[in-house]
Amino acid sequence: MHFNSKDIDLYAGQKEYVDTAVVPLIELDLTDAGMKASAGASEYLQSLTVILEKQFKGRILLLPPISYARAADRSQLGQQLKEELSETAFKHVFYLTTDPKWRSIEELENVLWLPAIPTGDMDQSFKKSVMEDQLRQVLPLFTKKWTHHS
């Protein structure tokens, strides 16, 4: 389910089945040198999370991407996200990012770092193939957590 009015109405009626939140974490680099890479990473991560949501519709709620500045205090942001999400009924929260700095943030569990693959200039069929390959790498991480904690 997506974080929109229609899906939130569905979520409200199916909370007991939707046990996982997915939070995309996107670094904004608005410098001349970094903007294109930042935009590409954002596009890649958002495409991947949409495919992930389709795969697990009814099990996960895809939250809107959290965008933050390059200089943001990831530790503090991580703590704030953890606190906010701890007040929900989600048994599992996954954070997906292309920003390697999140791997060292101890406040958050289930941070899945993925190298950004520039998909913007790819042919649609090749892009779909690349995204499906990425999804095959991410799926076992979800299913492992689900089976470990069920």
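The values are calculated or read from the model by the stated rules, or taken from the named source; none is laboratory data. Computed from a predicted structure; not experimentally measured. Here Cβ is always computed from backbone atoms with ideal geometry, including for glycine, and neighbour counts include all displayed protein chains. Protein only, heavy atoms only, side chains kept; ligands, DNA and RNA dropped before computing areas. Shrake-Rupley method; radii C 1.70, N 1.55, O 1.52, S 1.80 Å.
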Quiz item: For the chain, what is the calculated [θ] at 222 nm in deg cm²/dmol (nearest 500), taking -39500 (n - 2.57) for each run of four or more DSSP H residues and dividing by its residue count?
Solution: -15000 deg cm²/dmol
Quiz prompt | Built amide H within the under 5 Å cut-off of L96, gap 5+ | solution = V23, L25, L112
Quiz item: Which trypsin sites (Lys or Arg not before Pro) from the range 78-150 combine a DSSP loop assignment with at most 14 other Cβ atoms within 10 Å?
Solution: K91
Exercise. For the chain, return all DSSP H helices satisfying: extent of Cα atoms along own axis at least 20 Å; mean Kyte-Doolittle hydropathy at least -1.0.
Key: 35-55, 124-148
Practice problem: For A72 paired with L139, estimate the spin-label separation in nm (one decimal), with each label point 7 Å from Cα along the Cα-to-Cβ line. | Solution: 3.0
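Can you send over the carbon and sulfur percentage of the accessible area for the chain, probe radius 1.4 Å, protein chains only?
Details: 4670 of 8750 Å².
Carbon-and-sulfur percentage of accessible area, whole number: 53.
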Quiz item: So which residue, out of A37, A71, A89, gets the largest mean-square fluctuation from a GNM of the chain using Cα contacts under 10 Å as springs?
Solution: A71
Self-check item: Two-site FRET efficiency, K127 against K36, from Cβ-Cβ distance with R₀ of 25 Å, rounded to 0.05
Solution: 0.90
Quiz item: Among I26, I60, I117, whose mean-square fluctuation peaks in a Gaussian network model of the chain (Cα, cutoff 10 Å)?
Solution: I117
Quiz item: What do you reckon, how do D99, D133 stack up by accessible area (1.4 Å probe), largest on top?
Solution: D133, D99
Exercise. Give a residue-ordered list of calculated ³J(HN,Hα) values for the range 100-112 (Karplus: 6.51 cos²θ - 1.76 cosθ + 1.60, θ = phi - 60°; whole Hz; x for Gly, Pro).
Key: x, 5, 5, 5, 9, 8, 6, 5, 10, 9, 6, 8, 9
Quiz item: Can you give the accessible area of K15 in Å² (nearest 10), computed on protein heavy atoms with a 1.4 Å probe?
Solution: 110
Quiz item: How much solvent-accessible surface does T98 expose, in Å² to the nearest 10, with a 1.4 Å probe and all protein chains in place?
Solution: 30
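Given contacts defined as C-alpha pairs under 8 Å and at least six residues apart, what's the relative contact order of the chain, whole-number percent? Let's see the in-between values first.
On the way: 195 pairs, mean separation 43.9, N = 150.
Relative contact order here is 29 percent.
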Quiz item: Of the lysine pairs in the range 20-150, how many meet both conditions: Cα atoms under 20 Å apart, and a spacing of 8 or more in sequence or different chains?
Solution: 16
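Plugging the Kirkwood radius over Cα pairs into Stokes-Einstein for the range 10-50, at a temperature of 37 °C and a viscosity of 0.692 mPa s, what D comes out in µm²/s?
Numbers: Rh = 12.3 Å.
In µm²/s, the coefficient is 266.
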Quiz item: Under a 5 Å amide H to amide H cut-off, with H placed in plane at 1.01 Å, what residues pair with L28 once short-range neighbours are removed?
Solution: Y68, A69, R70
Quiz item: Quick one: accessible area per residue over the chain, 1.4 Å probe, rounded to a whole number of Å²?
Solution: 58
Exercise. Diagonalise the Cα gyration tensor of the chain and give the resulting equivalent ellipsoid semi-axes, square root of 5 times each eigenvalue, largest first, whole Å.
Key: 24, 20, 14
Self-check item: HN-Hα J in Hz across the range 14-31 - Karplus 6.51, -1.76, 1.60, θ = phi - 60°, x for Gly and Pro
Solution: 10, 3, 5, 9, 8, 9, 10, 10, 10, 10, x, 10, 10, 7, 9, 10, 9, 6
Quiz item: For the range 26-84, rounded, prolate or oblate, judged on the Cα gyration tensor with a ≥ b ≥ c (square roots of eigenvalues), a/c < 1.5 rounded, else prolate if a/b > b/c?
Solution: oblate
